[in-house]
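**Student:** There's a structure below that I have some questions on.
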Amino acid sequence: MTGNHTAQEPKHKRDLTRRKVVVAGAGAAAAVGVGGTLAAGAFAGESGAKGAQASASSTSTAGETCYKLTSETTEGPYYIDADKLRQDITEDKEGIPLTLRLKVIDADTCKPVGNAAVDIWHCDALGLYSGYESFSGGGSGGTPPTDAPSGTPTDVPSGTPTGEPPSGGGGGGHEEPTSDTRYLRGTWRTDRKGFVTFKTVFPGWYQGRCVHIHTKVHVSGEWTDAGYEGGTTCHTGQFFFDEESVLASAEVEPYSTSTTERTTLDEDTIYDQSGTTGGLLKLKYKKNDIAKGVLATLTVGVDPEATHTGT
């Protein structure tokens, strides 16, 4: 079976261990991007925040920007290449319900990228990453890396908890997991129109970073009973939340119990301040009642021919 062959849909009722992505050419140039905007009306078929449910629109809109790539970023230290093939990644984590719906397109042709494997992973409402609880969550006694490239100042304020950091300090290098937990991590396939939807919770924050979700897009692999195998990683990025939504979430438990100093979107060292081009999500929720749920959408422009390791 090849990446162009229609594979049998993975069973979301079953948690399957995912493939190891084969990165073609370790020295391949990264697809450093500057684009991929969300078109007005690109998700016209979606409902509002009530229930945070989404329905796929039937066609691409003429206004979609096709000639720019969504910004590439470091993958950070907390990526685990053993995620679950599933759309609902919540497990038992508390937090504001979040439906994340992405449309993956070829930034050159604007055609949808179907049958791709999309990874997402993020911290919980109190800043903890599954697999790395001893490292993450600034308010829990550990000093987490900031996902920033090596050598980037982190401007850590004095008085910060001084628990033992991971080896390698605050750089963007990978750290080996220290637990078997895998909540708030998952992989699913894009449909023939390029859409993929995940159910999760609104992320919290930890020291040195604004609120964000990590992502990878893999193409040309094979969907098998054992998971998604082979292929290349054509995009590594992060999704971001506007300040208004984060401030609203901070009034809701358990986010309101966090004692960790928060980095704003403007202060973040990873977000490039370019709006949807840089991964800023379009959000829908009921004003003054964000606890009911949030719908987040974005069109992600990728170069399927590129290889980007996230390092």
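The values are calculated or read from the model by the stated rules, or taken from the named source; none is laboratory data. In this text, all values refer to a predicted model and were calculated from it rather than measured experimentally. When we count neighbours, we look across all protein chains shown, and the Cβ atoms used for this are built from the backbone with ideal geometry, even at glycine. All accessible areas refer to the heavy atoms of the entire protein, side chains included, with ligands and DNA or RNA removed. Shrake-Rupley method; radii C 1.70, N 1.55, O 1.52, S 1.80 Å.
**Student:** Expressed in nm to one decimal, what extension gain is obtained for the pair S134 and D88 from 0.36 nm per residue of sequence separation less their Cα-Cα distance?
**Tutor:** Between S134 and D88, full extension yields 14.1 nm more.
**Student:** Could you rank the peptides 86-93, 192-199 by their average count of other C-beta atoms within 10 Å per residue, with the highest value first?
**Tutor:** 192-199, 86-93
**Student:** Please list the non-local residues whose amide H lies under 5 Å from the amide H of K111, H modeled 1.01 Å from N, same-chain partners needing a gap of 5 or more.
**Tutor:** Those qualifying (amide H under 5 Å, at least 5 residues apart or on another chain) are D106.
**Student:** Considering all alpha-carbon pairs of region 70-122, what whole percent are spaced by more than 18 angstrom?
**Tutor:** Working: 701 of 1378 pairs.
For region 70-122, the share of Cα pairs beyond 18 Å comes to 51 percent.
**Student:** Find how much the distance from E229 to E243 grows on full extension, using 0.36 nm per residue of separation minus their present alpha carbon separation; answer in nm with one decimal. Each step should come with its number before you reach the end.
**Tutor:** Working: separation 14, 0.36 × 14 = 5.04 nm, distance 3.78 nm.
The E229-E243 span can extend by a further 1.3 nm.
**Student:** Could I ask something else about it? Beyond 18 Å, what share of the Cα-Cα pairs of region 190-281 remains, rounded to the nearest whole percent?
**Tutor:** Of all Cα-Cα pairs in region 190-281, 55 percent lie more than 18 Å apart.
**Student:** Turning to a different aspect of this structure: Would you kindly state how much longer the chain becomes between L265 and K68 on full extension, computed as 0.36 nm times their sequence separation minus their alpha carbon distance, in nm to one decimal?
**Tutor:** That pair, L265 and K68, stretches by 68.7 nm at full extension.
**Student:** Net charge near D92: determine it from the other residues with C-beta under 13 Å of the C-beta of D92, scoring Lys and Arg +1 and Asp and Glu -1.
**Tutor:** Within the 13 Å Cβ shell, the charges total -2.
**Student:** Of K111/K282; K93/K286; K111/K287; K68/K193; K93/K216; K216/K282, which sit over 30 Å apart, Cα to Cα?
**Tutor:** In this structure, K111/K287 exceed 30 Å between Cα atoms.
**Student:** Under a point spin-label approximation (7 Å from Cα along Cα-to-Cβ), what is the T257-K286 distance to one decimal in nm?
**Tutor:** 2.4 nm
**Student:** If you don't mind, another one. Which value, in Å² and to the nearest 10, is the accessible area of D242 when all protein chains are kept and the probe is 1.4 Å?
**Tutor:** 50 Å²
**Student:** Let me ask you something else. On a straight-distance basis, which aspartates and glutamates could pair with K84 in a cross-link, Cα separation under 12 angstrom, same-chain partners fewer than 8 positions away excluded?
**Tutor:** D15, D119
**Student:** I've got another one for you. List the trypsin sites (Lys or Arg not before Pro) within region 203-276 that fall in a DSSP loop (any state other than H, G, I, E or B) and whose Cβ has at most 11 other Cβ atoms within 10 Å.
**Tutor:** Numbers: sites: R209, K216, R262; in loops: R262.
Filter output for region 203-276: empty list.
**Student:** What GluC sites (Glu not before Pro) in region 210-280 are in a loop by DSSP, with at most 11 other Cβ atoms within 10 Å of the Cβ? Don't skip to the answer; put the middle values down first.
**Tutor:** On the way: sites: E222, E229, E243, E244, E251, E261, E267; in loops: E251, E261, E267.
For GluC sites (Glu not before Pro) across region 210-280 that sit outside H, G, I, E and B with at most 11 neighbouring Cβ atoms in 10 Å, the list reads E251.
**Student:** Next question, about the same structure. Run the quick spin-label model on T109 and D180: label points 7 Å from Cα toward the beta carbon, then report their separation in nm to one decimal.
**Tutor:** Computed distance between label sites T109 and D180 equals 4.4 nm.
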